[in-house]
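A short write-up of the structure that comes next.
The values are calculated or read from the model by the stated rules, or taken from the named source; none is laboratory data. As the structure is a computational prediction, the values presented were derived from the model and not from experiment. Here the Cβ positions follow ideal geometry from the backbone for every residue, glycine too, while neighbour counts run over all protein chains shown.
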Amino acid sequence: MSQTVPVRLYVNGDRHDIDIEPRRTLADALRDDCGLTGTHLGCEHGVCGACTILVDGKPVRACLMFAVQAEGTSIRTVEGLAPDDQQLHPVQRAFWEKHGLQCGFCTPGFLMLVAGQLEEKPETDEEEMRDVLSSNLCRCTGYQNILKASMAAAEEMSG
Amino acid sequence: MKPANFEYVRPASLEEALVELAKDPDESKVLAGGQSLVPMMNFRLARPERLIDINRIPLLEGVESVGDRVVIRARTRHLALQNLSMSTPLGSLLRTGAAHVGHLPIRTRGTFGGSIAHCDAASEWCLVAGLLDAEMTVRSQARGTRTIPASDFFWSIFTTAMEPDEILTEVSLPALDDSYRTGIAEFARRAGDFAIVAATGAVQVVDGVVRDARVCLGGVSEVPFRSAAAEQVLLGQEWSPRLLRDAAEAAADEVDPPSDSHGDGEYRRDLVRALLPRALAGAVR
């Protein structure tokens, strides 16, 4: 057992003071130490994208970053997407309306990936969106409805 | 899987990082973007006892022109290169190369220098360094600064001329003028994967004649492969589609690619024949 270190994380605007080993990945810290289990872990080596979250506004693989590295950053997870209990984020709404998910395991990663892209660049066209979506794996949908949902969200967010 | 235990060190300056690294170079690893190191640690293929995190050190990122060279600081993220506003043949090569690196969430973290120090022979940045005879600047506490040309830098897969106590700080490339054209073409089974074979070219064409030709191939040997045969075919000749095919044929004859689960040697030769003309056609677009 190696020594734990105190780490302060800011997730979706909330402060979390946790004691963790440095080897704890950000994904595991979010799930096990902060209790935010919306971030899913698939492959744990950066290929599947299920654990994609936003760190300082940019999409990253939470399995390829150690939680100690995220000290002082602004972290956003799927729990922080919707503005309140009554409304969905435009990307969430578009996935709902366009049937952009089936089993839902990959969905938090896709939502954060697309939200990160569109908040940075709402005018993303379909060609670029296809390239962005190639970051993450989905074993159910065949991606077509994820693409439709992402473009619908792009239209709403750029309009 | 989960990584093994390690001691985490986060220096605030390069000098401090070099001191920390010098304490136990063989058991320490420098953590930059972590997009290759952390997967290896998660698989426990790598079990460093100490990680020196250089992500909070100022002045390690950015691209700047210095005379007839362009200097890329080591921690420059792939995404910064993809968004580079440099309207030169080199700028075009860096943007295109970055777009081939992994995916968006990899490019937000992964770094130019990390890719070169990691030394995967199929990586876009190792190819660009080989293509343009890049000069790598490395620093250690014991021996200060030294500069290593690409021809001496890449030794073998995951092995470079860097000593364990050294940190790569910047990479210098020639600022190719507008008489140059550059191109990169690669084949991978899935978008964003490491290429099975990748081809890059930088060609100077003046009045329809090739004045300078550089060709570098990835995935055909343990290090980026400069094809002297292809460069010889191109040099001094009139530019034509036929010339591209001849150069590709010469390169395919010259390489001795490995066979593995991604493709056998003959298949890789065929990929060289197919990809090099595409890279070079991009080179004179």
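Before moving on, here are some points about what is shown:
- Residue B:104 vs. criteria aliphatic (A, V, I, L, M), crowded, with 24+ Cβ neighbours inside 10 Å and over 14 Å from the mean Cα position of the chain (by Cα): yes
- The listed residue being more than 9 Å from every other protein chain (Cβ to nearest Cβ), within 29 Å of residue A:2 (Cα to Cα) and either basic (Lys, Arg) or not in a loop (DSSP other than H, G, I, E, B) (or both), out of B:52, B:72, B:57: B:52
- Check on residue A:112, outside the structural domain of residue A:12 (by TED's automatic domain parsing) and farther than 30 Å from residue B:10 by Cα: no
- When restricted to residues that are surrounded by 20 or more Cβ atoms within 10 Å (Cβ to Cβ), assigned to a helix (DSSP H, G or I) and more than 9 Å from chain B (Cβ to nearest Cβ), region A:46-79 contains 4.
- Qualifying residue in region B:127-140 (condition: touching a residue at least 60 places away in the same chain (Cβ under 8 Å), touching an Asp or Glu at 6+ places or on another chain (Cβ under 9 Å) and at positive phi): no
- Test: residue in region B:222-237 that is surrounded by 20 or more Cβ atoms within 10 Å (Cβ to Cβ) and aromatic (Phe, Trp, Tyr): yes
- Yes/no for residue A:102 being of a type in the set (S, T, N, Q), more than 15 Å from residue A:10 (Cβ to Cβ) and outside any loop (DSSP other than H, G, I, E, B): no
- Filter result for residue A:149 (more than 10 Å from chain B (Cβ to nearest Cβ), touching an Asp or Glu at 6+ places or on another chain (Cβ under 8 Å) and surrounded by 15 or more Cβ atoms within 10 Å (Cβ to Cβ)): yes
- Hits in region B:236-285 (condition: among the β-branched types (Val, Ile, Thr) and either without any contact (Cβ under 8 Å) to a residue 24 or more places away in the chain or within 14 Å of residue B:221 (Cα to Cα) (or both)): B:255, B:272
- Residues in region B:223-246 that are among the small types (Gly, Ala, Ser) and not in a helix (DSSP H, G or I): B:227, B:236, B:240.
- For region A:98-116, the count of residues that are within 14 Å of chain B (Cβ to nearest Cβ) and surrounded by fewer than 18 Cβ atoms within 10 Å (Cβ to Cβ) is zero.
- Being farther than 30 Å from residue B:188 by Cα, surrounded by fewer than 23 Cβ atoms within 10 Å (Cβ to Cβ) and without any contact (Cβ under 8 Å) to a residue 12 or more places away in the chain is a property that holds for residue A:84.
- For region B:18-34, the criterion of being assigned to a helix (DSSP H, G or I) and under 30 Å from residue A:114 (Cβ atoms) is met by no residue.
- Taken over region A:14-40, the residue count meeting the criterion of being assigned to a loop (DSSP other than H, G, I, E, B) and closer than 24 Å to residue B:53 by Cα is 5.
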